[in-house]
Amino acid sequence: MSRDARTIHPLWLRLTHWLNALAVVLLVASGWRIYNATGFLGFAIPSGITLGGWLGGALQWHFAAMWLLLANGILYLLLNLVSGRLRRQFFPISPRQLLLDMGAALKGKLAHADPRRYNSVQRLAYLFVMLDSIVLVLSGLVLWKSVQFPLLRVLMGGYEGARLVHFFAMAGLCAFIAVHVAMVALVPRTLLAMLRGR
């Protein structure tokens, strides 16, 4: 078997995956510190798991990580499109197969025999996180430069609407991460594949 035939994740995918992971950790932790400055939902996030030390510091971390996520995310999407991986790995999603795979997942019987092929639950989860990341970026633009993006601001329900969209999209991303990490713990060879490619 050739080296290429054994490769599960090419180098570009591994690099963009880990850069996205770094950007997301920085964005979430600094975003929690920014949220605490307003507490607009009536609760606070423990400061020990936030980043930035104060509002100004959190904003600097958030903007730096935002550019990393944006540039790396665009690169990830472009490479997936150009290589054909987006179509091969994530489509089609059959509603019937999705229900079968969800049922198997809930029973703890979802097969992971071939790590090169995603089941319907994985496909839906990865498509969700791609779309959720786009929503995060768009709502973040409204929060950052509200006057410069009037149409986007209106589509988000105004500045306050964009703040809610941004917060709940972040919560969706955190939920994905929790499930993703749990699945990696259950099928540890997936972590090895993301580290060494096979």
Quiz prompt | Criterion violated by residue 170 - all others in (1) within 20 Å of the chain's Cα centre (by Cα); (2) over 24 Å from residue 10 (Cβ atoms); (3) loosely packed, with under 15 Cβ neighbours inside 10 Å satisfied | solution = (3)
Exercise. Could you please find all residues in segment 1-53 being more than 19 Å from residue 84 (Cα to Cα), in contact with a Lys or Arg (Cβ under 7 Å, 6 or more places away or on another chain) and hydrophobic (A, V, I, L, M, F, W, C)?
Key: 40, 51
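One line per residue, one yes/no per condition, for (1) open to solvent by less than 30 Å² (accessible area, probe 1.4 Å); (2) among the basic types (Lys, Arg):
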position	(1), (2)
6	no, yes
14	no, yes
29	yes, no
59	no, no
72	yes, no
97	no, no
Quiz item: Do the conditions hold for residue 63, that is, is it in a helix (DSSP H, G or I) and open to solvent by 60 Å² or more (accessible area, probe 1.4 Å)?
Solution: yes
Quiz item: Which one of the conditions (1) within 30 Å of residue 60 (Cβ to Cβ); (2) open to solvent by less than 30 Å² (accessible area, probe 1.4 Å); (3) more than 18 Å from the chain's Cα centre (by Cα) does residue 155 fail to meet, given that it meets all the rest?
Solution: (2)
Quiz item: Does residue 122 count as open to solvent by 50 Å² or more (accessible area, probe 1.4 Å), at pLDDT 90 or above and of a type in the set (S, T, N, Q)?
Solution: no
Quiz prompt | Members of segment 34-60 that are part of a helix (DSSP H, G or I) and farther than 21 Å from residue 176 by Cβ | solution = 36, 37, 38, 47, 48, 55, 56, 57, 58, 59, 60
Practice problem: Restricting attention to helices (runs of 4 or more DSSP H) lying wholly within segment 87-184, give those where 3 or more residues are closer than 25 Å to residue 29 by Cβ. | Solution: 120-144
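The values are calculated or read from the model by the stated rules, or taken from the named source; none is laboratory data. Small disclaimer: the values here were computed from a predicted structure and weren't measured. Note that we place each Cβ from the backbone using ideal geometry, even for glycine, and neighbour counts take in every protein chain shown. Areas reflect the complete protein model, heavy atoms only, side chains present, ligands, DNA and RNA absent. Shrake-Rupley method; radii C 1.70, N 1.55, O 1.52, S 1.80 Å.
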